[in-house]
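> There's a structure below that I have some questions on.
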Amino acid sequence: MPVASGRLRPVRALREAVSGLPREFWWLWTSTLINRLGGFVTTFLSLYLTAEQGYSPSFAGLVAAMYGLGGAISAVVAGVLADRFGRRPTLLVSQLATAAAMATLGLMQHPVAIVVVATILGLTANASRPCIQAVIADLVPPADQVRAFSLNYWAINIGFAAASAGAGFIAESDYLFLFFGNAASVLVCALLIYLKVPETRPEHPARPVDEAEKSVGRQAGRPSSGLGEVLRDGRFMVAVGLAFLLAMVLMQYTTSLPVSMGRNGFSSADYGLVISMNGLMVMLATIPLTRAIKHRDPVRVLVVAALLSGWGFGLTAFADSVPLYIATVCIWTVGEILNSPTSMALVARLSPAHARGRYQGMHTFAWSAATFAGPLLGGLIIDHLGDRSLWLSCAALGTVVAVGYHLMRNTLNAVPSPQAAAWGVTVERELAREPQG
């Protein structure tokens, strides 16, 4: 009997992780998974440009940078559009434009055309992120938002891992199939959202108008749809700043980690094995970890996530074998798993209902900006101070972020607005359930 009970525990954990969420959320989750399963292009774009088209590594880097720049801009713009015109139309336009840009990029040969279309692709593809995050925040009750964001994060990583494996085989036949296949998967997502996901944008709540607002003619019941409201929210912008710093640390796996391993005599195959543990850990550990933090104070979770992320990379300074590198990846991956959904749920908690798109857009912008700044700064530190200095800097930065979250804990856990009152009550209830001492 104990053996049978032990076998049922994973099944029970999975059932608890997926139960009780709205049906519309699962259609959105399915569309995310399909999108990522067909997400071939961005993973192999640099290889396509250098190996297939014969461009230089520096040109491939330029294309990747412009793609990222487009994504950083669109994160903010899409958040504004999602609040002003609705999540559904913004998401549908984004996906239709992404499919068109994806197919067009595969046909481009001139370098200027490639750069322009790649920038447009970055604009359109990243525009879906704040929309999806806002829809989840709209659909899912506050008590279940960390779980919902975790499951969406899980789908993204499962799809990415499968697409990365399958894209190599497809590319051996014809790279053009990657572009058209990716475009087709995005079109399927757009169709699924059109048929199954309703508009979720809340009605703008009426609110009092102070004298300063009267002087500029602002009407009650019509909150601003610009970014000023977000930028003036000091509590939220501190959280965004902390997210940016931690993202700077987590982005070191893209360029700094393989460069550091190469400088220390390890091969690209060694790096491939080491970094594959990240995807494996995400697939295996997301649901158990989500279950473990279900009743925990989200700000405390972010403190732990920052320490694990920073010191996971920090311990890379002492790794001198593949198993030790794998151990460090496992440590910072746990931090990543804890941080990603919890930080998105924190954004949902801090944002008024009518401004969720803009708040999620600003949070997405912080990550996009870190995608630029993190690898760039990491490379400069390695060149001038050595890779050990970089990894110890990651440990220090992760500690700074953890201290920042700890100092902000009471502020971030305070009820920020009438729209977020339900979350505040939920936090108090969840903390009351948490064992003391």
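> Name, by its number, the condition in (1) part of a loop (DSSP other than H, G, I, E, B); (2) of a type in the set (D, E, K, R); (3) at pLDDT 80 or above that does not hold for Arg235.
With (1) part of a loop (DSSP other than H, G, I, E, B); (2) of a type in the set (D, E, K, R); (3) at pLDDT 80 or above applied to Arg235, the lone miss is (1).
> Filter region 25-54 for residues that are modelled with pLDDT of 80 or more and assigned to a loop (DSSP other than H, G, I, E, B) and give the result.
Selection gives Gln53, Gly54.
> Here is a check on your reading of the model: is Val146 in contact with a Gly (Cβ under 9 Å, 6 or more places away or on another chain), β-branched (Val, Ile, Thr) and part of a helix (DSSP H, G or I)?
no
> Identify all residues within region 251-274 that are of a type in the set (A, V, I, L, M, F, W, C) and either buried (at least 17 other Cβ atoms within 10 Å of the Cβ) or assigned to a loop (DSSP other than H, G, I, E, B) (or both); write none if there are none.
Met251, Leu257, Val259, Met261, Phe266, Val274
> Determine whether region 217-229 contains at least one residue that is modelled with pLDDT of 80 or more and crowded, with 19+ Cβ neighbours inside 10 Å.
No: region 217-229 contains no residue that is modelled with pLDDT of 80 or more and crowded, with 19+ Cβ neighbours inside 10 Å.
> Shifting gears a bit: Would you mind stating whether Arg388 is touching a Pro at 6+ places or on another chain (Cβ under 9 Å) and touching a residue at least 12 places away in the same chain (Cβ under 8 Å)?
No, not satisfied.
> Confirm whether Leu412 is touching a helix residue (DSSP H, G or I) at 6+ places or on another chain (Cβ under 6 Å), closer than 14 Å to Leu350 by Cβ, surrounded by 17 or more Cβ atoms within 10 Å (Cβ to Cβ) and modelled with pLDDT of 50 or more.
In short, yes.
> While we're on this one: Of the residues Tyr48, Tyr67, which single one is surrounded by 21 or more Cβ atoms within 10 Å (Cβ to Cβ) and touching a Ser or Thr at 6+ places or on another chain (Cβ under 7 Å)?
Every option except Tyr67 fails the conditions.
The values are calculated or read from the model by the stated rules, or taken from the named source; none is laboratory data. Since the model is a prediction, treat every value here as computed from it, not as a measurement. Cβ atoms come from the backbone with ideal geometry, glycine included; neighbour counts cover every protein chain shown.
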